[in-house]
Amino acid sequence: MILVTGGAGFIGANFVLNWLADSGAEGIVNIDKLTYAGNLANLQTLQNDARHIFVHGDIGDKALIAKILVEYRPRAIVNFAAESHVDRSIHGPAEFIQTNIVGTFNLLECAREYWGALQGGDKERFRFHHVSTDEVYGSLSLADPAFTETNPYEPNSPYSASKAASDHLVRAWFHTYGFPVVTTNCSNNYGPYHFPEKLIPLVILNALNGKPLPVYGDGQQIRDWLYVGDHCSAIREVLDKGRLGETYNIGGWNEKANLDVVKTICGILDELRPRADGKPYAEQITFVTDRPGHDRRYAIDASKIEKELGWRPAETFDTGIRKTVQWYLDQPEWVEGVVTGSYRDWLEKQYRH
Ligand code: NAD
Ligand code: TYD
C-alpha cells in the first residue's frame, strides 16, 4: 500500500486515479478531511475498487494517523493535504498554519515513529514524499532566470509562507533524523477536477454562465502552467527514483500571462461552444482590483528532474488547455455538484446519525 493525504482534492484525486488506472498497482489508503476543496465525486469511478480505501480524517489527528500506519503498513506516504488557495489565505490564514504547518509536522512525527520501527528492506524502501509549490521561492522579474532548486525561499503570501515552513520541516527531519524524504516544488497545475475558485476553471465556468471573467490588476502576471497529469507522472518518478533528501522542481516550460490564458480559454470556447448571440467570450473579460502582494512572475527551471530522472511533461499548454476545456464541457454533473454545493451533501448523508 501507499498512503496518500488530501486525495479527494484536485491534484490528489488525479494522482489516485492515475495510480490505480494501472491494473497491477498497489492499493492506496487515502486520508482526506473533506474541506470545501475535497470532493468524493472526484473519486466516484473507484467506488467498487477494493484497492482504494478512503478515510475521512485530518492529518493533524495523531491517533488516527498512527492507527492507519499500523493497520495498513504503507511503504510510502505522499502528502498532498493542504489549504491551497492564495486568496483564501489572505482572508483567513489560520487554517493554512494549522494544516500546512502543524498538520505536516504531525504527519512527519507519526511517520518517523512508524519508520523507526520498520526493519530491513521495509525500512530501506520507505519514502515520505512532500508535495509543494514553486510559490515558496517568491516572485521573479521579467529578466530573472527561472527558479532552480537552489533559489532562496522568499514566500510572499500566507499560503506560500505556510508551504515554505512545511518544506523546512521536511528538510530538517531528513537532516536531523535521517528520515527518508523527497520534496517536489511544482508550478501552477490545471486540468480535470480543478475547483472553480482557481483561475482556469473559474474562467471556463463563468464564461459558460455569462458571468464576468475577473482578471486581477493588469493581467500581466506570469505563471508557468503544467497539466495535472504531468505533475502526477513527475511525482511517480521522484517517488520511485528521487534521491533522498533532495528537492525537485516540476514545471511545464509554459510561461503565460494571465490575460493570455483567459483569452486562450475564450478562443477555445468560441470554437467548441459558441455564445448564443455569436459574440466572443472575450467580451466578458473584466479587470478587477489586484490581489494584495500579488506575485508578478513564477517560472520553473525543470532541468534537474529531466537530467536525473528523465522526466519531461507530455502536454504542451495548447494540448492541455484544450483537453481541460473539453473536460468541463463533458462533465455537467460534476460541475453542477460543485457549483450548487451539493457535493458537500455526502458529509451530511454519511454523518447524519
Ligand atoms: P486542493 O485544495 O484542491 O486539495 C487539497 C485537499 O486536501 C482537499 O481534498 C482537502 O479536503 C484536503 N485537506 C485539507 N486539509 C486537510 C487536513 N488537515 N487533513 C486531511 N486532508 C486535508 O489542493 P490541490 O490543488 O490539489 O493541491 C494539492 C497539493 O499540491 C497541495 O499541497 C498544494 O500546496 C500543492 N500544489 C498545488 C499546485 C496547484 O497548482 N494546485 C501547484 C503546486 C503544488
Ligand atoms: P490562482 O489560480 O489562484 O493560482 P495562484 O495564485 O496560486 O498562482 O491564480 C492564478 C493567477 O491568476 C494569479 O496570478 C491570480 C490570477 N487570478 C485572476 O486574475 N483572476 C481570478 O479570478 C483568479 C482566481 C486568479
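Go through Ala50, Leu213, Gly278 and say which Cα lies farthest out towards the positive end of the charge dipole of the chain; charges sit on Cβ, +1 for Lys and Arg, -1 for Asp and Glu. About the Cα centre, the residue reaching furthest to the positive side is Ala50.
The count of lysine pairs in segment 185-314 that are at least 8 places apart or cross chains, and whose C-alpha atoms lie under 30 Å apart, stands at 14. Relative to the longest principal axis of the chain, what angle (0 to 90°, nearest 10) does the C-alpha long axis of helix 199-208 take? Its long axis makes an angle of about 40 degrees.
Starting with the fewest neighbours, write out Asp230, Asp87, Asp270 ranked by other beta-carbon atoms found within 10 Å of each beta-carbon. Provide the component values of the computation, followed by the final result.
Working: Asp230 21, Asp87 13, Asp270 16.
The fewest-first ordering by Cβ neighbours comes to Asp87, Asp270, Asp230.
Dividing the alpha-carbon radius of gyration of segment 45-203 by the rule-of-thumb value 2.2 N^0.38 Å gives 1.13. Between Asp301, Asp277, Asp144, the residue with the greatest mean-square fluctuation in the GNM of the chain (Cα pairs under 10 Å linked by springs) is Asp277. Here the chain was treated as a single set of alpha-carbon atoms; its pair distances binned every 10 Å from 0 give 5, 25, 35, 25, 9, 1, 0 percent.
So how much slack lies between Gln331 and Ile97, counting 0.36 nm per residue of separation and subtracting their Cα-Cα distance, in nm?
Numbers: separation 234, 0.36 × 234 = 84.24 nm, distance 3.38 nm.
Gain on extension, Gln331 to Ile97, equals 80.9 nm.
Summarising the label geometry, the points placed 7 Å from Cα in the beta-carbon direction at Asp270 and Glu113 lie 6.0 nm from one another.
Take every DSSP beta bridge whose two residues both sit in segment 144-281; close to 35 percent of them are antiparallel. With neighbour counts taken as other beta-carbon atoms within 10 Å, the residues Phe126, Phe287 rank, fewest first, as Phe287, Phe126.
What order, most packed first, do the peptides 235-248, 154-167 have when packing is the mean number of other Cβ atoms within 10 Å of each residue?
Result, highest mean first: 154-167, 235-248.
May I ask what percent, to the nearest 5, of DSSP beta bridges between residues of the chain are antiparallel? Before the final figure, lay out the partial values.
Values: 3 of 37 bridges.
Of all bridge pairs located within the chain, approximately 10 percent are antiparallel.
Directionally averaged projected area (segment 27-74, Cα convex hull): 3.6 nm².
Fewest first, what order do Arg127, Arg296 take by the number of other Cβ atoms within 10 Å? Provide the component values of the computation, followed by the final result.
Working: Arg127 20, Arg296 14.
Taking fewest neighbouring Cβ atoms as first place, the list is Arg296, Arg127.
The C-alpha atoms of the chain define a longest principal axis, and helix 158-177 lies at about 20 degrees to it. Angle check, please: helix 258-272 long axis (alpha carbons) against the longest principal axis of the chain (alpha carbons), in degrees 0 to 90, nearest 10. Long axis of 258-272 versus the principal axis of the chain: about 70 degrees.
Every read-out reported here was derived from the displayed coordinates using simple, explicitly stated rules and does not represent laboratory data. These numbers were taken from a predicted model, which means no experiment stands behind them. All Cβ positions, even for glycine, are placed from backbone atoms using ideal geometry, and neighbour counts span all protein chains on display.
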